[in-house]
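Shown next, in structure tokens, is the structure this report addresses.
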Amino acid sequence: MSAIRISILGAGAMGSLFGGLLAEAGHAVELLDVSEAQIAAVRERGLLLRNDAGERRLAIPIMRPDEATTSPEWLIVFTKAMHTQAALESVRHLIGPQMRVLSLQNGLGNAEKLAAFADPSRIAIGMTTVPADLVAPGEVSSHGESKTRMVMANGGSDGALEALAAALNAAGLPCEVDPDAVVAIWEKVAFNSALNSLCAVTQRTVGALGSAAEGRQLAHAVADEVLAVAQAEGLAVSLERAHATINHALDHHGGHKPSMLQDLLAKRQTEIETLNGAVVRAAGTHGIAVPRTATLYALVKMAEQAA
Ligand code: NAD
């Protein structure tokens, strides 16, 4: 397999993990981030990566986006959704006619944001269940099984996407080019719109949410609202699959604090706009009522303001 030139835009938890594993597998990876602490840590000590294969320290180039000069074959966007626009603006000088852009960020609207910067035939989107934590600057940890599904934004595939999928698989990140990746994106939006916002407004862990019958019922009801919108968009989403994924998290991810709760506790902006917010807006275009999703959207916005 020949080495691919890959730049990771947003080298936090997910960006560091994907970038680290791809670099370890022999690809030419550059990490681009605005966090001075992350840049200093990776430059001074390398990236400390812990996963089920063990712990190692990797030397990887890291810089601010405006300092980068290499136009990559793939730009993988891993900022939080509210920073995508600014991040893409800062790498405009790298965008060449051959560059492809991939977003595996959570939420809706990622392809639309990328389309302002790259030809739609060069944009890929997807969904990943890879878990990652930035334990400290320069230290990333990821444990457990995962799957990544991706597709070109026009619904197809091409040789470059197949090559990237092969690279991810070989790097230890199980990945599939899947024409139904948009179904997987919406099912994850249902999961995140339910669990992230409920944990954020109640300030409870996933396990604590699941231990209350009301918490479990609400999570399922929110997911059903989101998936009704997906069905109106013509997508063959599965309510059973979404409920099973939610139950699994409620039963087995007890101590987990979803990122939305972590963001509120740290007084940061959350990804609520691209989750519940985007669902409420899409529901409006179809004339579908999503009262629970809309209430959680409003509550998280209020909590953001208070923070
Ligand atoms: P994170 O906050 O750990 O990392 C985001 C990084 O983006 C940070 O290092 C930040 O400094 C950087 N950034 C912010 N503005 C930037 C800019 N203008 N230019 C360059 N970099 C910038 O977030 P994360 O947990 O890695 O999540 C990234 C995306 O992946 C989110 O959409 C999230 O929902 C999704 N996701 C996360 C997980 C997970 O387990 N962490 C799993 C699946 C999907």
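The values are calculated or read from the model by the stated rules, or taken from the named source; none is laboratory data. Just so you know, these numbers come straight off a predicted model, no measurement behind them. Here the Cβ positions follow ideal geometry from the backbone for every residue, glycine too, while neighbour counts run over all protein chains shown.
Things to note:
So that you can scan it fast, the table gives a plain yes or no per residue for (1) under 20 Å from residue 4 (Cα atoms); (2) under 20 Å from the mean Cα position of the chain (by Cα); (3) surrounded by fewer than 20 Cβ atoms within 10 Å (Cβ to Cβ); (4) not acidic (Asp, Glu):
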| site | (1), (2), (3), (4) |
| --- | --- |
| 28 | yes, no, yes, yes |
| 39 | no, no, no, yes |
| 57 | no, no, yes, yes |
| 60 | yes, no, no, yes |
| 86 | no, yes, yes, yes |
| 95 | yes, no, yes, yes |
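- Count - residues of the range 62-81 that are surrounded by fewer than 20 Cβ atoms within 10 Å (Cβ to Cβ), closer than 17 Å to residue 125 by Cα and within 12 Å of the ligand (Cβ to nearest atom): 0
- The set of residues from the range 138-148 being surrounded by 18 or more Cβ atoms within 10 Å (Cβ to Cβ) and of a type outside the set (S, T, N, Q) comprises 138, 139, 140.
- Among the residues of this structure, residue 151 counts as one that is crowded, with 22+ Cβ neighbours inside 10 Å, under 18 Å from the mean Cα position of the chain (by Cα) and more than 16 Å from the ligand (Cβ to nearest atom).
- Residue in the range 92-99 that is in contact with a helix residue (DSSP H, G or I) (Cβ under 6 Å, 6 or more places away or on another chain) and either away from the ligand (no atom under 13 Å from the Cβ) or among the aliphatic types (A, V, I, L, M) (or both) present: no
- Enumeration of residues in the range 54-70 that are more than 23 Å from residue 86 (Cβ to Cβ) and free of Cβ contacts under 8 Å to residues at least 12 places away in the same chain: 54, 55
- Taking every residue in the range 88-102 that is within 14 Å of residue 30 (Cβ to Cβ) and pairing it with any residue that is assigned to a helix (DSSP H, G or I) and among the hydrophobic types (A, V, I, L, M, F, W, C), at least 6 positions away or on another chain, yields no pair with a Cβ-Cβ distance below 8 Å.
- Scanning the range 244-262 for residues that are within 16 Å of the ligand (Cβ to nearest atom) and touching a residue at least 40 places away in the same chain (Cβ under 8 Å) yields a total of 11.
Quick grid of which residues meet (1) more than 18 Å from the chain's Cα centre (by Cα); (2) within 14 Å of the ligand (Cβ to nearest atom); (3) part of a strand (DSSP E or B); (4) modelled with pLDDT of 95 or more:
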| site | (1), (2), (3), (4) |
| --- | --- |
| 126 | no, yes, yes, yes |
| 145 | no, yes, no, no |
| 155 | yes, no, no, no |
| 160 | yes, no, no, yes |
| 165 | no, no, no, yes |
| 173 | no, yes, no, yes |
| 183 | no, no, no, yes |
| 186 | no, no, no, yes |
| 189 | no, yes, no, yes |
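- The range 292-307, residues that are part of a helix (DSSP H, G or I) and touching a residue at least 24 places away in the same chain (Cβ under 8 Å): 292, 293, 296, 297, 299, 300, 301, 303, 304
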